[in-house]
Amino acid sequence: MLTFTLRRLLMAIPTLLFIALVIFLLLDLAPGDPMADQPLTIPPEVREQMRRALGLGEPLHVRFGLWVWQFFVVEPMVLIDDVFGTTFAEGRARIISWQFRSPVMDVIVQRLPQTLWVVGSAYVVGVLIAIPIGIVSATRQYSVFDQIGTFVAMIGFSVPTFFTGVLLIVIFSVNLGWFPSMYDTQLEVTDWESFGRQMRQMAMPVFVLALFNAAQISRYMRASMLDNLSQDYVRTARAKGMDERTVVLRHVLRNSLIPVVTVIALGVPTVFGGAIITEQVFKVNGLGQLLITAIHANDLPMVQTLTFMFAVLIVLFNLIADVLYGVLDPRIRYD
């Protein structure tokens, strides 16, 4: 397993470099100019100096190589300096956002807690809800619980999140006044009162995203459980006198989690980028909204860095899913 993991990590390096190159070329070929929103009264020579200051005057291969160096070398050095108090990155050029005129990673670190608070919590809640619902729906197929679970899952998966979010705002914010309609990013949790305010403003966006995630995962869990419940080893376990709880939780559940793990693992990167619409509806100042504003402002360094980070997460969690296969099923071995 260790050899397989190391080999996959080494294979991920050229894969990520190719993805970085594709992202860089697509953004470079996209129409738009970061200087387009500047006043027309700026003299041409000053405008050209500003373009050179943003690095737009360099050849394509030079800009790509510089970005790769900054992302893989300089930014990790900055992280090491912040953690251990060293000076490895002192005086080195970092990836600068054209929109914020500050290092891209600093802006991302500022927005990351909001995304983890709301979208991350919603994903965890969705997974914790979906797995038990899928188990019960499969063991009690065609029961009232299964019918209700299927109906709710169809609604959660079919209705877009922006419609659900606006509907909750109209009902619980405008009409009832129970929850705030806009997320306060300036709120700091320092006591129980502020913690309660944080929970109240998280309630609606977390519910919207958890419903969407739980609808998908519960359907996969149910289908996988039904497929394993009809296997020969289940009938053998029952014939040996094992109670139904032991058969389901110790034998069927472990094998049924294998395909579900793929869905859960590959869905983790959506925590950082897949809730863009929901963040826009509830005004959550997270990474999704940051990506939208960067696209509108033609902030190519920010867009490229965020998009590549999502690609890194997909490759990483794909590897984690493969490793978990061997943990869940001892028959799976990577020689």
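Since every read-out is calculated from the coordinates, none of them should be taken as a lab result. Because the structure is predicted, anything quoted here is derived from the model rather than measured. Cβ coordinates were reconstructed from backbone atoms using ideal geometry, including for glycine residues, and neighbour counts include every protein chain displayed.
Counting Lys and Arg as +1 and Asp and Glu as -1, each charge on the Cβ, what is the dipole of the chain about the Cα centre in debye, to the nearest 20?
Working: 24 positive and 25 negative charges, 229 e Å.
So the dipole magnitude of the chain works out to roughly 1100 debye.
Take the alpha carbon atoms of region 194-229, find their center, do the same for region 57-122, and report the distance between the two centers in whole angstrom.
32
Show the residues, 5+ positions off or on another chain, whose built amide H is closer than 5 Å to the amide H of Ile96.
Here Val104 satisfy the definition.
So for region 191-261, taking the charge dipole from beta-carbon charges (+1 Lys/Arg, -1 Asp/Glu), which of Gln216, Gln201, Val252 sits furthest toward the positive end?
The listed residue farthest towards the positive side: Val252.
Per DSSP helix of 4 or more residues, -39500 (n - 2.57); summed, then divided by the residues of the chain. What does that give at 222 nm, rounded to the nearest 500? Numbers along the way, then the final one.
Details: 15 runs with 223 residues, N = 335.
Value at 222 nm, helices only: -21500 deg cm²/dmol.
For the pair Thr185 and Trp69, what calculated FRET efficiency results from E = 1/(1 + (r/R0)^6), where r is the Cβ-Cβ distance and R0 = 41 Å, to the nearest 0.05?
Numbers: r = 33 Å, r/R0 = 0.79.
E between Trp69 and Thr185, to the nearest 0.05, is 0.80.
Could you run the Karplus curve 6.51 cos²θ - 1.76 cosθ + 1.60 with θ = phi - 60° over region 159-172 and give me ³J(HN,Hα) per residue in whole Hz, x for Gly and Pro?
6, x, 5, 5, 5, 4, x, 5, 4, 5, 4, 4, 6, 8
Might you report the magnitude of the Cβ-based charge dipole of region 185-315 about its Cα centre, with Lys and Arg at +1 and Asp and Glu at -1, to the nearest 20 debye?
Details: 11 positive and 9 negative charges, 130 e Å.
Taking the Cα centre of region 185-315 as origin, the dipole is about 620 debye.
Limiting things to C-alpha atoms, what are the Rg and the maximum Cα-Cα separation (Dmax) for region 110-328, in angstroms?
Both quantities, over Cα of region 110-328: 20.0, 66 Å.
What net charge is computed for the residues neighbouring Leu229, neighbours being all others with C-beta under 14 Å from the C-beta of Leu229, Lys and Arg scored +1, Asp and Glu -1? Could you put the intermediate results ahead of the total?
On the way: positive: Arg140, Arg222, Arg235, Arg238, Arg245, Arg250, Arg254; negative: Asp146, Asp227, Asp232, Glu244.
Taking every other residue near Leu229 into account, the sum is +3.
Which value, in debye to the nearest 20, gives the size of the charge dipole of region 106-256 about its Cα centre, when Lys and Arg are +1 and Asp and Glu are -1 at the Cβ?
Numbers: 12 positive and 10 negative charges, 136 e Å.
Once rounded to the nearest 20, the dipole reads 660 debye.
Within 10 Å, count the other beta carbons around each residue, average over each peptide in 256-266, 81-91, 162-172, and list them highest first.
Details: 256-266: 19.3, 81-91: 10.5, 162-172: 15.9.
Listed from highest to lowest mean packing, they are 256-266, 162-172, 81-91.
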